[in-house]
Amino acid sequence: ILVKSEEEDGYVLTNISKYNKGKIKNYEYWGFLDSFNSNTGIIKMVNYGYPSNDYNSGFYNCIGDFDVKVPYKVNKTSIKMISSNSYDVANYVKKHKYKMKEQVVTYKSPTSKKKSFTLKKGEKMNIISLYKKEKNEYIKVKNGKNKYGYIKVQSKLIVSNPLYMKP
């Protein structure tokens, strides 16, 4: 059973209740259900921010607010988050055309030193996913020519039009 409610501040609270052998167990999430695959038992919840991330992370400082799709495995007795180094951003984040505030070099992979392409000041790009391993944070992006690259997260805002404007 899925119940979704919107809070006064605009955040969405989702409760999933599982009934099994006469017992009901409730799971509560800040976010909303993105998808459910009944064949694999995987649900994806759109959550505000990177899982287990603090609000002073490089992602927030670099691109502003964002939402990611977090996968969970559903079985008869529980719902457990599937930990990963990489999470896709929500569809509406992926569609947002971010405008570069400054020139930034992208790389072939998070750990590569090989350049993929350069995003110039004023150029538009889409954010595809976020990658974090230990203290290293990268943003997978796609430019207007459908090329992909990874940006090493910076401590300052690199876009002039974050999804939600900062005060």
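Laboratory data are not the source of any read-out in this text; all were calculated from the coordinates shown. Computed from a predicted model, the values in this text were never measured in an experiment. Methodologically, a virtual Cβ is constructed for each residue, glycine included, from the backbone with ideal geometry; neighbour enumeration extends over all protein chains shown.
Around Lys97, with a cut-off of 11 angstrom between Cβ atoms, what is the net charge of the other residues, counting Lys and Arg +1 and Asp and Glu -1? Let's see the in-between values first.
Working: positive: Lys94, Lys95, Lys99, Lys124, Lys142; negative: Glu123.
That sum, taken over residues with Cβ under 11 Å, equals +4.
Calculated from the structure, mean projected area of the Cα convex hull in nm² equals which of [x] 11.1; [y] 10.2; [z] 17.7?
[x]
Take the chain, mark every one of the GluC sites (Glu not before Pro) that falls in a DSSP loop and has at most 13 other Cβ within 10 Å, then report the longest stretch left between them, sites excluded.
Answer - 9-133.
Could you give the size of the charge dipole of the chain about its Cα centre, using +1 on the Cβ of each K and R and -1 on the Cβ of each D and E, expressed in debye and rounded to the nearest 20? Present the calculation step by step, with values, prior to reporting the outcome.
On the way: 32 positive and 14 negative charges, 213 e Å.
My answer is approximately 1020 debye.
Considering only DSSP states other than H, G, I, E and B, which trypsin sites (Lys or Arg not before Pro) in segment 126-167 qualify as loop sites with at most 14 other Cβ atoms within 10 Å?
Values: sites: Lys132, Lys133, Lys135, Lys140, Lys142, Lys145, Lys147, Lys152, Lys156; in loops: Lys135, Lys145, Lys147, Lys156.
For trypsin sites (Lys or Arg not before Pro) across segment 126-167 that sit outside H, G, I, E and B with at most 14 neighbouring Cβ atoms in 10 Å, the list reads Lys135, Lys145, Lys147, Lys156.
Charges on Cβ only, +1 for Lys and Arg, -1 for Asp and Glu, centred on the Cα centroid of segment 105-161; of Asn126, Gln154, Val105, which one is farthest towards the dipole's positive end?
Val105
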